[in-house]
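Right, one structure below, let's go through it.
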Amino acid sequence: MKIDATKDFKRPRGKVFASFSDPARVDAVLGSVGTQLRREGAGDVGSVWHMVVSVGGKERPVSVTLAERIAADTIRLAATSDMVDVDMVFSFADMPDEGCKVTSEATLTPRTLAARVGLQTLRLAKGKIEQRLVRAMTALGKPG
């Protein structure tokens, strides 16, 4: 399943990218999604954030790895849980008004039959998931 979202910022691409790249900002945003957040690494490529997320009333461990960062252009995160793998790419582009457009594409791959059924159910609520992604992008990109 793919989930796409776009967010426009009224700040230059370099500043928005710096906000998305700030390990403390990533800690705060991921901490709002899960509990027991713990980061391994300095926040550079290869760093891993471990947390526990509540899904359907069950707590599930999740690991998020900063897989790739290309200066002012792309950030790729890879998330893994016992149910689903997620590959999320944030792409940054200049806008004519000196702003920045961030486009995200998340690909969710189920690891179990139960997850496959769950993702089928989520397709019905795809708009809500996209809204959550836009809120996370807004939190990652806001001035610090």
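Just so it is clear, none of the values below were taken in a lab; they were calculated from the coordinates. From a predicted model like this one, the values you see are computed outputs, not experimental measurements. When we count neighbours, we look across all protein chains shown, and the Cβ atoms used for this are built from the backbone with ideal geometry, even at glycine.
Shown in residue order for the stretch 138-144 are the 3J(HN,Hα) couplings computed by the Karplus curve 6.51 cos²θ - 1.76 cosθ + 1.60 at θ = phi - 60°: 4, 5, 5, x, 5, x, x Hz (x for Gly and Pro). Residues of the stretch 1-24 with an amide N closer than 20 Å to a point placed 7 Å from the Cα of Thr80 along the Cα-to-Cβ direction: 1.
The calculated FRET efficiency for Glu59 paired with Glu98, based on their beta-carbon distance and R0 = 41 Å, is about 0.40. Each label was represented as a point 7 Å from its Cα along the Cα-to-Cβ direction; for Ile70 and Gln36 these points are 3.7 nm apart. Applying the criteria of a DSSP loop state and at most 12 other Cβ atoms within 10 Å to the trypsin sites (Lys or Arg not before Pro) of the stretch 1-83 yields Lys10. Couplings for the stretch 47-55, taken from phi via the Karplus curve 6.51 cos²θ - 1.76 cosθ + 1.60 with θ = phi - 60°, read 5, 10, 9, 9, 7, 10, 10, 8, 10 Hz in order; Gly and Pro are left as x. Counting only residues at least eight positions apart within a chain, or on another chain, the lysines with an alpha carbon under 18 Å from that of Lys101 are Lys7, Lys10, Lys15, Lys142. Taking all Cα pairs closer than 8 Å and separated by 6 or more residues, the relative contact order of the stretch 54-104 comes to 24 percent. Each of Met1 and Ala114 was given a label point 7 Å from its Cα along the Cα-to-Cβ line. The distance between the two points is 1.6 nm. For the chain, the longest principal axis of the C-alpha atoms and the axis of helix 23-33 are separated by about 40°. Under a model in which nothing but the beta-carbon of Lys, Arg (+1) and Asp, Glu (-1) is charged, the chain shows a dipole of about 460 debye around its Cα centre.
Across the stretch 2-141, the mean sequence separation of Cα contacts (distance under 8 Å, 6 or more residues apart), normalised by length, yields a relative contact order of 29 percent.
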